[in-house]
Amino acid sequence: MAEVAAERASEMLSDLKRAGLKMTPQRIAIVRLFAADESHPTAQDLFERLQPDFPSMSFATVYNTLDALTSAGLARTLRLGGAARFDPNVDPHHHAVCDACGAIVDLPVASIDATTAERSQLRARADGFAVRTVEHVYRGLCAACQKAQGSEAEPA
Ligand code: ZN
Ligand code: MN
């Protein structure tokens, strides 16, 4: 995991450099923190965690860096209501969301490309809509929240 994050971070940094962004210590810290973060943080989450080390850093610097990564295809945004969340995992995957604590877990899949059946179904049901990708959001309770609620709930 640490290896994946380090690899991701250096790929992100060289791509941002190529895109013409100046590599300040702040930007490098943002990228390193984000590359290792699988929790789907908001820009605000990362901003708050970096504040103690970079008290003069602006929120805009964090947001713009994440935005540049997204434009370069090295991050994705995830909108589940509320502020946009950022995802350093650009491999195909679905998400499982905990209704109690809000945790978001990646569910890797081989592909999110729409199948031929999904394409023709969508075309028929959504007035000619041409679907390209299909991403699922599963909702329920994470293991920790099940455990926490288990003490109160009836046994299944
Ligand atoms: Zn939970
Ligand atoms: Mn994800």
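Membrane-span-like helices in the chain, defined here as complete DSSP H runs extending at least 30 Å along the helix axis by their C-alpha atoms with mean Kyte-Doolittle hydropathy no lower than 1.6, are absent; this is a sequence and geometry rule, not a statement about a membrane. Computed from the Cα positions only, the extents of the stretch 64-132 along the three principal axes stand at 38, 33, 25 Å, in decreasing order.
Rounded to the nearest 20 debye, the dipole magnitude of the stretch 1-125 is 500 debye, with +1 charges on Lys and Arg beta carbons, -1 on Asp and Glu beta carbons, and the Cα centre as origin.
From the Kirkwood radius over Cα pairs of the stretch 27-66, Stokes-Einstein at 10 °C and 1.306 mPa s returns a whole-number translational diffusion coefficient of 159 µm²/s. Counting every other Cβ atom within 10 Å of each residue's Cβ, 21, 16 order from fewest to most as 21, 16. Between the residues 47, 24, 10, the greatest Cα displacement towards the positive end of the dipole of the chain, with unit charges on the Cβ of Lys, Arg, Asp and Glu, is found for 24.
Can you show me the helix-derived [θ] at 222 nm for the chain, built from DSSP H runs with n ≥ 4 at -39,500 (n - 2.57) apiece and divided by the number of residues, rounded to the nearest 500. Kindly include the intermediate steps, with their values, before the conclusion.
Values: 6 runs with 67 residues, N = 156.
So the helix-based figure for the chain works out to -13000 deg cm²/dmol.
As a size descriptor, the averaged projected area of the C-alpha convex hull of the stretch 23-98 was calculated at 5.3 nm². Take every DSSP beta bridge whose two residues both sit in the chain; close to 70 percent of them are antiparallel.
The stretch 70-156: which chymotrypsin sites (Phe, Trp or Tyr not before Pro) are DSSP loop and have at most 16 other beta-carbon atoms within 10 angstrom? Let's see the in-between values first.
Working: sites: 86, 129, 138; in loops: 129.
Listed in order of number, the matching sites are 129.
Averaging 1/r across all pairs of distinct Cα atoms in the chain and inverting the result yields a Kirkwood radius of 17.8 Å.
Of 23, 57, 12, the sequence from fewest to most neighbouring Cβ atoms within 10 angstrom is 23, 57, 12.
Cβ-to-Cβ counts within 10 Å put 13, 78 in ascending order as 78, 13, the fewest first. FRET efficiency for the pair residue 78 and residue 110, taken as 1/(1 + (r/R0)^6) with r the Cβ-Cβ distance and R0 = 30 Å, rounds to 0.90.
The residue among 110, 145, 98 whose Cα reaches farthest toward the positive pole of the charge dipole of the chain, with charges on the beta-carbon of Lys, Arg, Asp and Glu, is 110.
When the trypsin sites (Lys or Arg not before Pro) in the stretch 58-156 are filtered for DSSP coil states and for at most 16 other beta-carbon atoms within 10 Å of their beta-carbon, the remaining sites are 79, 132.
Rule-based calculations on the coordinates, nothing more; no lab input. It should be emphasised that the depicted structure is a prediction, and the values quoted were computed from it without experimental measurement. Positions of Cβ are generated from backbone atoms using ideal geometry, with glycine treated the same way; all protein chains shown enter the neighbour counts.
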